[in-house]
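J.: Got a structure for you, written out below as structure tokens; questions coming shortly.
Every number here is computed from the coordinates shown, using simple stated rules; none is lab data. Remember, it's a predicted structure, so these values are computed and weren't measured experimentally. Cβ coordinates were reconstructed from backbone atoms using ideal geometry, including for glycine residues, and neighbour counts include every protein chain displayed.
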Amino acid sequence: MNDIRTITLDLDDTLWAIHPVIKRAEERLYAWIGEHYPRITELFDPAAMMALRSEVITEFDGRSHDLTFLRRTVLARLGEAAGYGDSYVDDAFAVFNEVRNDVTLFPEARPALVALRERFTLVAVTNGNADLEKIGIRDLFDDVVSAAMAGAAKPDRPIFDMAVAVGGASAAQTLHVGDHPLYDVHGARDAGLKAIWVNRNGDRWPDEYHAPDAEVQHVGELHELLERDAS
């Protein structure tokens, strides 16, 4: 990996833990809806909302990569079912989005990004809808590519092709870093990129996927690994 010029980085569960964040955001949204639009929570408990979300995902299979569209569509359906219409959707989504972007970076994440950006072009690549401006790390990236922008989610090739294009190097000179064996490592390798697996929990690699070029426990190990490979 001594010819790497661009590093593309996954966000959720690579730079911060996402599951507790989404749980808090869902709970805050449900409480807000119950306070301001109580007929919705009278009709839909959290499980019923999840069932509706599954229906929307099935109905809009071609837009499964656009999480913002799916969530706004669910909110609209909830409002219509309760007789409120969809005029509340912007406010409701803003409530969710505020908490969704209230993340706690892993301790090593910011120092790692600062150090890596001194040597490489950094591109954030995400299937989610994190707002790096709100999170406070947009200045550490040269560009951001989301599934909604690319029209496809990882592990599909178009999102990696877009990331390579904005990074300005070839696929072979681009290294993708992420926690998910399929979405990040297998997808990146399939698109011609190098790939490093962030394996925080010491999991066993699933043999059915393309193996990573290297493995780290967290992104704080990247700088030393790349320095060693370059020497």
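J.: Each label point is 7 Å from the Cα along the Cα-to-Cβ direction; what then is the distance between the points at Gln217 and Leu182, in nm?
T.: With each label point 7 Å from Cα toward Cβ, the separation is 2.8 nm.
J.: What does the C-alpha gyration tensor say about the overall shape of the range 157-231? Classify as rounded when a/c is under 1.5, otherwise prolate if a/b is larger than b/c, or oblate.
T.: In terms of gyration-tensor shape, oblate.
J.: What whole number of Å gives the distance from the Cα centroid of the range 33-52 to the Cα centroid of the range 196-231?
T.: Using only Cα atoms to place each centre, the spacing works out to 42 Å.
J.: Can you report the principal axis dimensions of the range 97-167 using only the alpha carbons, biggest first, rounded to whole angstrom?
T.: 33, 31, 17
J.: Oh, and also: Work out, in µm²/s and without decimals, the Stokes-Einstein translational diffusion coefficient of the chain at 25 °C, 0.890 mPa s, Rh from Kirkwood over C-alpha pairs.
T.: Value of D from the Cα-based Kirkwood radius: 131 µm²/s.
J.: For Asp190 and Asp3 in one chain, what is 0.36 nm times their gap in residues minus the Cα-Cα distance, to one decimal in nm?
T.: Here the answer is 65.4 nm.
J.: What are the residues whose amide H is under 5 Å from the amide H of Ala214, where those residues sit 5 or more places off or on another chain and H is modelled from the backbone?
T.: Ala195, Trp197
J.: Could I ask something else about it? So how strong a dipole does the chain carry about its Cα centre when Lys and Arg Cβ are +1 and Asp and Glu Cβ are -1, to the nearest 20 debye?
T.: Using Cβ point charges on Lys, Arg, Asp and Glu, the chain gives about 140 debye.
J.: Hey, what D do you get for the range 27-85 in µm²/s if you plug the Kirkwood alpha-carbon radius into Stokes-Einstein at 4 °C and 1.567 mPa s?
T.: 111 µm²/s
J.: Pop a pseudo-label 7 angstrom from the Cα along the beta-carbon direction at both Asp86 and Glu108 and give the gap in nm to one decimal.
T.: Label at Asp86, label at Glu108, 4.5 nm between them.
J.: Let me have the relative contact order for the chain, percent, based on Cα pairs under 8 Å that are six or more residues apart.
T.: Here the relative contact order equals 25 percent.
J.: What value, in deg cm²/dmol to 500, does the helix sum -39500 (n - 2.57) over DSSP H runs of n ≥ 4 give at 222 nm once divided by the residues of the chain?
T.: Helices in the chain give a 222 nm mean residue ellipticity of -13500 deg cm²/dmol.
J.: Next question, about the same structure. Between Glu35 and Arg119, with labels modelled 7 Å along Cα→Cβ, what's the label distance in nm to one decimal, could you check?
T.: In this crude label model, Glu35 to Arg119 measures out at 4.8 nm.
J.: Which loop GluC sites (Glu not before Pro) in the range 64-152, with loop taken from DSSP, have no more than 12 other Cβ atoms within 10 angstrom of their Cβ?
T.: Answer by residue number: Glu118.
J.: Give me the percent of DSSP beta bridges within the chain that run antiparallel, rounded to the nearest 5.
T.: Approximately 5 percent, going by the DSSP bridge assignments.
J.: List every residue whose amide H lies under 5 Å from the amide H of Leu9, counting only residues 5 or more places away in sequence or on a different chain, with H placed 1.01 Å from N in the peptide plane.
T.: Amide H neighbours of Leu9: Val123, Ala124, Val125, Val177.
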